[in-house]
1. What do you reckon, is S146 part of a strand (DSSP E or B), touching a strand residue (DSSP E or B) at 6+ places or on another chain (Cβ under 9 Å) and among the polar types (S, T, N, Q)?
2. When you look at K171, is it modelled with pLDDT of 85 or more and open to solvent by 90 Å² or more (accessible area, probe 1.4 Å), yes or no?
3. So, in the range 53-98, exactly how many residues are assigned to a helix (DSSP H, G or I) and either surrounded by fewer than 12 Cβ atoms within 10 Å (Cβ to Cβ) or of a type outside the set (A, V, I, L, M, F, W, C) (or both)?
4. Select from the range 28-50 the residues that are hydroxyl-bearing (S, T, Y) and either on the phi > 0 side of the Ramachandran plot or open to solvent by 50 Å² or more (accessible area, probe 1.4 Å) (or both) and list them in ascending order.
5. May I ask you to list pairs of residues, at least six apart or on different chains, whose Cβ atoms are under 7 Å apart, with the first in the range 16-28 being under 15 Å from T6 (Cα atoms) and the second being aliphatic (A, V, I, L, M)?
6. Only one residue in L113, L129 is free of Cβ contacts under 8 Å to residues at least 12 places away in the same chain, under 25 Å from K171 (Cβ atoms) and in a strand (DSSP E or B), so which one is that?
7. Can you name the condition, by its number, that G48 falls short on among (1) under 29 Å from A125 (Cβ atoms); (2) under 20 Å from the mean Cα position of the chain (by Cα)?
8. From the list L101, L66, L91, exactly one residue is in contact (Cβ under 8 Å) with a residue 40 or more places away in the chain and closer than 30 Å to G162 by Cα. Which is it?
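The values are calculated or read from the model by the stated rules, or taken from the named source; none is laboratory data. Please read these numbers as outputs of a predicted model, since none were measured by experiment. Heads up, the Cβs are rebuilt from the backbone with ideal geometry, glycines too, and the neighbour counts pull from every protein chain shown. Quick note on the areas: whole protein, heavy atoms, side chains included, nothing else; ligands and nucleic acids left out. Shrake-Rupley method; radii C 1.70, N 1.55, O 1.52, S 1.80 Å.
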Amino acid sequence: MAHRITLIPGDGIGPEVVESTQQILEATGVEIDWDVHHAGLEVARLTGTPLPPSVIEAVRKSRVALKGPVTTPIGQGFRSVNVTLRQTLDLYANVRPIRSLPNVEPRFGEVDLVIVRENTEGLYAGLELMILPGVAQSIKLTTEKSSTRIAEFAFAYAEKHGRKRVTIVHK
């Protein structure tokens, strides 16, 4: 049975990166039914929005997506597609496992850690404005609710994966 995955090729280098990723996934032998939807700069020019509601609905329906990089104009244009997806779908936990590679001499000794980062607030809140020509201001929003939620996620992840320590860092 094929797995249905929403595919958002993105723009710029996005389609090239996504195509390579698709080739890697194809080599695994896992059957995938790609449900292709477009987002990004060209979509915004054509439809007035870089992230049409149909894309979000497709991701909600399949519950999994492969998304390539998407252009975000700086200081003008439209809100980041990445931030919009994170906030709309409540993708609050960015989980990044980091391990030394086997048979590769590590620069800093054996590394085995997981970074868990809150993915919808802080500078991701998207509260930005141009205060003068050439001067932008970003407001970093942090709520108790999201801070507690990401901490609980990190502790639950550590417990589930047999990790003995959690270190919390704030910018």
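1. Considered against the rule, which asks whether it is part of a strand (DSSP E or B), touching a strand residue (DSSP E or B) at 6+ places or on another chain (Cβ under 9 Å) and among the polar types (S, T, N, Q), S146 comes out as no.
2. No.
3. The qualifying residues number 11.
4. Result: T28, T47.
5. V18/L7; V18/L66; T21/L66; L25/I32
6. The match here is L129.
7. So G48 meets the others, but not (2).
8. Result of the check over L101, L66, L91: L66.
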